[in-house]
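Presented below is the structure to which this report refers.
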Amino acid sequence: MDVLTFDDVALHVQVDGPVDGPPVVFANSLGTDLRLWDGVVDALPEGLRLIRYDKRGHGLSTCPPAPYGMGALVRDAERVMDALEVRDAVFVGLSIGGMIAQGLAAKRLDLIRAVVLSNTGAKIGTREMWEERIATLRAGGMAAMSDAIMERWFAPAFRSSDAVSPWRRMVETCPVEGYAGCSAAIAGSDFYTTTAALRLPAMVIAGDRDGATPPDLVRELAELIPGARFELMRNVGHLPCVEKPDEYAKLLTGFLNDIGHLP
């Protein structure tokens, strides 16, 4: 286990593959840790440098008091990449991870040569919606929200199977402060203007059963970035990398190949 310690947070990081391999950085969704990508990482070609980390307030990273600003989450990703001396990476972000990707690409284009924006938007929900969720969380804890979260995250077939159990446990054991802190960051974020100014290779992935970031919202994001490739995965919800990791890895590998980012 590797931990990078900064002045206000310690971030759990996992790096796989050769130090000189083409770097791919992954950022997780709200309520998950870096295990979100296990199935995808296992299915990618050898020789890539695969970097995953737990957001503040999630997984094995420390949990500062809520609320968090999106600027702090973007800065965390920036500091991880600087500490690992990563440049010209492909940054793969899902949900809030995709918002972090948008913010980081706008701020530090020297770090990122391409983005994969998965199940995310330039703006997700309304401030009122997120404030209501934070209030529910404060009143009843993560368990009070887990049923609704599973419904948004997964297609019915997966949700009714035993495979959903570890993901429910992951949500229910997520620190309340971490979930509330990142929810506040999403509530205050609007990337429409900055993302529309991005000029870099991009692939945008949606799930047709996604109850958190519906396909139309994700397609709208793709349309902001000139030349972005849009992919709609079928019979998956908000976490297609969990429900269909091999298909997700195939899309990612194809994109990496197209932009010349395979070893």
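The values are calculated or read from the model by the stated rules, or taken from the named source; none is laboratory data. For clarity, every value in this text was computed on a predicted model and none was experimentally measured. Virtual Cβ from ideal backbone geometry, glycine too; neighbours counted across all protein chains shown. Keep in mind that these areas ignore ligands, DNA and RNA; they rest on the heavy atoms of the full protein, side chains included. Shrake-Rupley method; radii C 1.70, N 1.55, O 1.52, S 1.80 Å.
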* the chain: antiparallel DSSP beta bridges as a percent of all, rounded to 5 -> 25
* Structure fact -> For Val236, other-chain or 5+-apart residues with amide H closer than 5 Å (H placed, Pro excluded) are Asp208, Arg209
* Asked: What are the aspartates and glutamates whose alpha-carbon lies under 13 Å from the alpha-carbon of Lys250, with same-chain residues fewer than 8 places away excluded?
  -> Asp42, Glu231, Asp258
* To do: Under a cut-off of 27 Å between alpha-carbon atoms, report the lysines in cross-link reach of Lys123, not counting same-chain residues fewer than 8 places apart.
  => Lys55, Lys107, Lys244
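Working with all protein chains in place, sort Leu251, Leu36 by solvent-accessible area computed with a 1.4 Å probe, largest first.
I get Leu251, Leu36, largest accessible area first.
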* To do: May I ask for the net charge around Pro245, where only other residues with Cβ less than 9 Å from the Cβ of Pro245 are counted and Lys, Arg are +1 while Asp, Glu are -1?
  => -4
* Asked: Of the chain, which part is the longest with no trypsin sites (Lys or Arg not before Pro) in a loop (DSSP not H, G, I, E, B) and with at most 11 other C-beta atoms within 10 angstrom?
  -> 1-198
* To do: Obtain the nm distance between the two label points defined at Val3 and Asp42 by a simple spin-label model: each point lies 7 Å from its Cα along the Cα-to-C-beta direction.
  => 2.7
* To do: Mind checking the per residue accessible area of the chain for me, 1.4 Å probe, whole number of Å²?
  => 40
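Mind running the shape call on the stretch 115-263? Use the C-alpha gyration tensor, a ≥ b ≥ c as the square roots of the eigenvalues: rounded below 1.5 for a/c, prolate if a/b tops b/c, oblate otherwise.
Because a/c hits 1.5 or more and a/b fails to exceed b/c, the stretch 115-263 counts as oblate.
Give, in nm to one decimal, the length gained when the segment between Arg234 and Thr173 is fully stretched (0.36 nm per residue of separation minus the Cα-Cα distance).
Value of the extension gain: 19.0 nm.
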* Sparse-neighbourhood loop sites, GluC sites (Glu not before Pro) in the stretch 73-149 - DSSP loop, at most 16 other Cβ within 10 angstrom -> Glu85
* Structure fact -> Across Gly57, Gly47, Gly181, the residue with the highest GNM fluctuation in the chain (Cα network, 10 Å cutoff) is Gly47
* the stretch 200-224 to the stretch 17-62: how many Å between their Cα centroids? -> 21
* Asked: Across 10 Å bins from 0, what is the distribution of all Cα-Cα pair distances for the stretch 60-141, in whole percents?
  -> 16, 43, 30, 10, 1
* To do: Can you pull the one-decimal nm distance between simple spin-label points at Ala10 and Thr194, each 7 Å off the Cα toward Cβ?
  => 2.9
* **Cβ-defined net charge surrounding Arg234, 10 Å radius [Lys, Arg +1; Asp, Glu -1]** => 0
* To do: Work from the charge dipole of the chain (Cβ charges, +1 for Lys and Arg, -1 for Asp and Glu, about the Cα centre) and give the residue of Ile259, Leu4, Gly207 farthest towards its positive end.
  => Gly207
* To do: Report relative contact order for the stretch 114-263 in percent, whole number only (criteria: Cα-Cα under 8 Å, sequence separation at least 6).
  => 32
* Structure fact -> HN-Hα couplings for the stretch 231-236 via Karplus (6.51, -1.76, 1.60; θ = phi - 60°), in whole Hz with x for Gly/Pro, come out as 10, 10, 8, 9, 6, 9
* About the Cα centre of the chain, how large is the charge dipole given +1 on each Lys and Arg Cβ and -1 on each Asp and Glu Cβ? Please answer in debye to the nearest 20. => 320
* **Bins of 10 Å from zero: percent of alpha-carbon pairs in the chain** => 7, 34, 40, 18, 1
